[in-house]
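K.L.:
Take this structure first; my questions come after.
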């Protein structure tokens, strides 16, 4: 709490005008302190957001590399998934090179991701939406080969533990991401995915098929709000990642439209 303005203002007021001057000086000093504190908070907020964006970006690709190498080798699908994420982020050449450097660092033997995750948890704080987005991105990498191996599960468990994501939250997010990837592939005409597109649409929204229209709309609006690019950037998501957020909102929108069409039929 700032107090210099009040002390200086009070001292000058007392010297110049006695007790009345003291009171006026304290009030004036308090106004100065309040204005300075507001400026400090604004600067601090901007600085913290910049630090958060940097830490989030670095952690994303380091942990992605760790996940890709978790089962002993990096598959072509996992490398392609990392490249797709970079493309969706619209990274320029220097950013892409930095992302690849971080990815390679993460997949190096014996690389410890815990300090990185702890730093991420510290800067993310109570922004639980950012923690969930981070987990979603890592799950997309893990499911690049349509499977979540035991070694990949252990890495995912470390992520959840470090970021304070409990078992129920993980299961809900995990189910949604699996369905979302399958839903997107069906939209692109890919074959061999289990379940109908309508089943996956419900899973994308995280609701049961028996859900009421009101509950369905509530789930849809909640997910759209959580993944809204502008809101995520305001909370500290790196601006480069807005492309991923936009794609997620589009997939959520498509799933909602598929369900609404089926219910009208």
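The values are calculated or read from the model by the stated rules, or taken from the named source; none is laboratory data. Given the structure is predicted, the values throughout are model-derived calculations rather than measurements. All Cβ positions, even for glycine, are placed from backbone atoms using ideal geometry, and neighbour counts span all protein chains on display.
K.L.:
Exactly one of (1) touching a residue at least 12 places away in the same chain (Cβ under 8 Å); (2) over 18 Å from the mean Cα position of the chain (by Cα); (3) outside any helix (DSSP H, G or I) is unmet by residue 77. Its number?
P.N.:
If we test residue 77 against (1) touching a residue at least 12 places away in the same chain (Cβ under 8 Å); (2) over 18 Å from the mean Cα position of the chain (by Cα); (3) outside any helix (DSSP H, G or I), just (3) comes out false.
K.L.:
Among the numbered conditions (1) crowded, with 18+ Cβ neighbours inside 10 Å; (2) at pLDDT below 80; (3) over 18 Å from residue 236 (Cβ atoms), tell me where residue 89 comes up short.
P.N.:
Unmet condition: (3).
K.L.:
Additional query: Within segment 115-139, which residues are over 27 Å from residue 181 (Cβ atoms) and either surrounded by 15 or more Cβ atoms within 10 Å (Cβ to Cβ) or touching a helix residue (DSSP H, G or I) at 6+ places or on another chain (Cβ under 7 Å) (or both)? Give the steps one after another, and end with the answer.
P.N.:
Residues of segment 115-139 that are over 27 Å from residue 181 (Cβ atoms), as a first pass: 115, 118-119, 122-123, 125-126.
Of everything in segment 115-139, those that are over 27 Å from residue 181 (Cβ atoms) and either surrounded by 15 or more Cβ atoms within 10 Å (Cβ to Cβ) or touching a helix residue (DSSP H, G or I) at 6+ places or on another chain (Cβ under 7 Å) (or both) turn out to be 118, 119, 123.
K.L.:
In a helix (DSSP H, G or I) and within 23 Å of residue 169 (Cα to Cα), is that true of residue 85? Break it down into steps so the answer makes sense when it comes.
P.N.:
Values: in a helix (DSSP H, G or I): yes; within 23 Å of residue 169 (Cα to Cα): no.
No, not satisfied.
K.L.:
Note down all Cβ pairs under 6 Å where the first residue falls in segment 136-157 and is closer than 23 Å to residue 223 by Cα, the second is assigned to a loop (DSSP other than H, G, I, E, B), and they're at least six residues apart or on different chains.
P.N.:
Matching pairs, first to second residue: 142/148.
K.L.:
Where in segment 159-234 are there helices (runs of 4 or more DSSP H), lying fully within it, with 1 or more residues that are over 22 Å from residue 261 (Cβ atoms) and at pLDDT 90 or above?
P.N.:
Working: elements: 167-187, 197-205, 213-226.
Correct list: 167-187.
K.L.:
Pick from 79, 116: which is modelled with pLDDT of 90 or more and closer than 17 Å to residue 137 by Cβ?
P.N.:
Values: 79 fails: modelled with pLDDT of 90 or more.
Criteria check complete, one pass: 116.
K.L.:
How many of the residues in segment 71-81 are surrounded by 21 or more Cβ atoms within 10 Å (Cβ to Cβ) and either closer than 18 Å to residue 157 by Cβ or touching a strand residue (DSSP E or B) at 6+ places or on another chain (Cβ under 8 Å) (or both)?
P.N.:
Residues flagged as surrounded by 21 or more Cβ atoms within 10 Å (Cβ to Cβ) and either closer than 18 Å to residue 157 by Cβ or touching a strand residue (DSSP E or B) at 6+ places or on another chain (Cβ under 8 Å) (or both) within segment 71-81 amount to 0.
K.L.:
Report yes if some residue within segment 45-57 is assigned to a loop (DSSP other than H, G, I, E, B), modelled with pLDDT of 55 or more and surrounded by fewer than 14 Cβ atoms within 10 Å (Cβ to Cβ); otherwise report no. Give the derivation first.
P.N.:
As a first pass, look at segment 45-57 and keep what is assigned to a loop (DSSP other than H, G, I, E, B): none.
No - not one qualifying residue is present in segment 45-57.
K.L.:
Would you confirm, using the coordinates I've provided, whether residue 99 is touching a helix residue (DSSP H, G or I) at 6+ places or on another chain (Cβ under 7 Å), over 17 Å from residue 143 (Cα atoms) and crowded, with 19+ Cβ neighbours inside 10 Å?
P.N.:
Details: touching a helix residue (DSSP H, G or I) at 6+ places or on another chain (Cβ under 7 Å): yes; over 17 Å from residue 143 (Cα atoms): yes; crowded, with 19+ Cβ neighbours inside 10 Å: yes.
Criteria met by residue 99.
K.L.:
Just one of (1) under 14 Å from residue 66 (Cβ atoms); (2) free of Cβ contacts under 8 Å to residues at least 24 places away in the same chain; (3) part of a helix (DSSP H, G or I) trips up residue 97, so point out which.
P.N.:
(1)
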